[in-house]
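The values are calculated or read from the model by the stated rules, or taken from the named source; none is laboratory data. These numbers come from a predicted model, not from an experiment. Cβ sites come from the backbone with ideal geometry, for glycine too, and all protein chains shown count toward neighbours.
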Amino acid sequence: MSTAANGLSPHPIVQAPMAGGASCPPLVAAVCEAGALGFLAGGYKTADGMYQEIKQVRALTRHRFGVNLFMPQTGYVDPAAVEAYRGQLAGEASWYEISLAEEDIIGTSDDGYDAKLAILLEDPVPVVSFTFGCPAPAALAALRKAGTYTVVTATSVEEARSAQQAGADAVCVQGVEAGGHQGTHRDDPQVDGTAAHGLLTLVAQVREAVALPIIAAGGVMRGAQIAALLAAGAAAAQLGTAFLVCPESGADPVHKKALTDPLFVRTELTRAFSGRPARGLVNRFVREHGPYAPAAYPQVHHLTSGLRKAAAAAGDAQGMALWAGQGHRLARALPAAQLVEVLAAELAQAQQMLKEMQMRSAS
């Protein structure tokens, strides 16, 4: 079963929902108009802010698009650990001449989940995906009744099985190569990065474990990679970093430039900016603070928000969260529609080459 067969988009290409501003309405609409599936990021927005962006996308395209929601975080957060990290960041606050967040950032956070879900049930969009957990079966059933196709992000076979059991229509399988946050259902500091699998291996494992269509995500930058993932059993590939540098992307120009800047030679998973493992370019902030960041999401995210904004305003890439997948050096600063066309052409070429090889082998 393919994405195209489900009527979601002509090309098996999905633009990842990138919270923080990158997945803005102009990018989503441009991707959809080009025949791929664009996604708005509902995370870090108010429910009304999300809805206003949905209306903007609808004004720009009549094609199908998706909205991504963050699942509520209910794990215990140690207040002392957060305060200790506040002290660790005191020098950063002094350097950028700002004050760290003083409001109560301890406790659980639901990112306005219930209000956002209510909007998506009242005024449905074609596709809704979920990150950081799996919704209750009742929520997925309600979305299906409203005509919405649901996708749950999974980073393991166990999480994919949970998504299937809950009633999701598809699973977005995220490999360790992916940029930004790892979409694990449970944040366990004891297995940071060690239990994660490369995308091709994970797709093969999930393909044998569940019957759901698979959207494969993690470091995908070229059409030939998409072809390999489809051959491994995926229905489509999801790309984030590849679309991050498009002119329609809402990412900060400093962030876009850093992706191909020789100064940044590698990525790693870090809790430095948000308290949850996320892959980004290794800069000064990651090196100096990553080892001390506690498992405290979204508390650390709120704590560092002012620092990240100040660094961006100063054009200082060394203090920003430069989320990026492992394939970031392959980024191409093309208009979104052109990038979709290039990826589709590369995919077709790779599939034709594979077909010719198979024919030669059979003869």
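For the range 222-338, the helices (runs of 4 or more DSSP H) that sit wholly inside it and include 1 or more residues that are surrounded by fewer than 17 Cβ atoms within 10 Å (Cβ to Cβ) and either not acidic (Asp, Glu) or not assigned by TED's automatic domain parsing to the domain that holds residue 351 (or both) are 223-231, 253-258, 284-289, 299-313.
With respect to residue 277, is the statement that it is touching a strand residue (DSSP E or B) at 6+ places or on another chain (Cβ under 6 Å), under 26 Å from residue 175 (Cβ atoms) and modelled with pLDDT under 95 true? The answer is no for residue 277.
Look through the range 193-221, keep the residues that are surrounded by fewer than 17 Cβ atoms within 10 Å (Cβ to Cβ) and closer than 22 Å to residue 281 by Cβ, and return whichever of them is modelled with the lowest pLDDT. Only one residue fits best here, namely 194.
Residue 168 satisfies every condition listed in (1) of a type in the set (Gly, Ala, Ser); (2) surrounded by fewer than 24 Cβ atoms within 10 Å (Cβ to Cβ); (3) within 25 Å of residue 277 (Cα to Cα) except (2). When residue 33 is tested against (1) of a type in the set (D, E, K, R); (2) under 12 Å from residue 336 (Cα atoms); (3) without any contact (Cβ under 8 Å) to a residue 40 or more places away in the chain, just one condition goes unmet, and that condition is (3). Of everything in the range 60-87 that is in a helix (DSSP H, G or I), in contact (Cβ under 8 Å) with a residue 12 or more places away in the chain and among the aliphatic types (A, V, I, L, M), the residue that is farthest from residue 153 (Cα to Cα) is 84.
Has the range 334-345 got at least one residue that is closer than 30 Å to residue 93 by Cα and in contact with a Gly (Cβ under 9 Å, 6 or more places away or on another chain)? Checking the range 334-345: not a single residue is closer than 30 Å to residue 93 by Cα and in contact with a Gly (Cβ under 9 Å, 6 or more places away or on another chain). Candidates 76, 113, 85: the one that is modelled with pLDDT under 95, out of contact with any Cys (no Cβ under 8 Å at 6 or more places or on another chain) and either of a type in the set (D, E, K, R) or under 25 Å from residue 184 (Cα atoms) (or both) is 76.
A search for C-beta distances below 8 Å between a residue of the range 205-218 that is closer than 25 Å to residue 242 by Cα and any residue that is at pLDDT below 95 and among the polar types (S, T, N, Q), counting only pairs 6+ apart in sequence or on different chains, returns 213/2; 213/3; 213/6; 215/3.
Residues in the range 8-26 that are over 19 Å from residue 219 (Cβ atoms) and either free of Cβ contacts under 8 Å to residues at least 24 places away in the same chain or not in a loop (DSSP other than H, G, I, E, B) (or both) were compared, and the one that is farthest from the chain's Cα centre (by Cα) is 26.
Condition first: of a type in the set (A, V, I, L, M) and either outside the structural domain of residue 314 (by TED's automatic domain parsing) or surrounded by 19 or more Cβ atoms within 10 Å (Cβ to Cβ) (or both). Now tell me which residues in the range 83-104 satisfy that. Quick ask: steps written out before the conclusion?
Start the filter on the range 83-104 by keeping residues that are of a type in the set (A, V, I, L, M), which leaves 84, 89-90, 93, 98, 100-101.
Passing the criteria: only 89.
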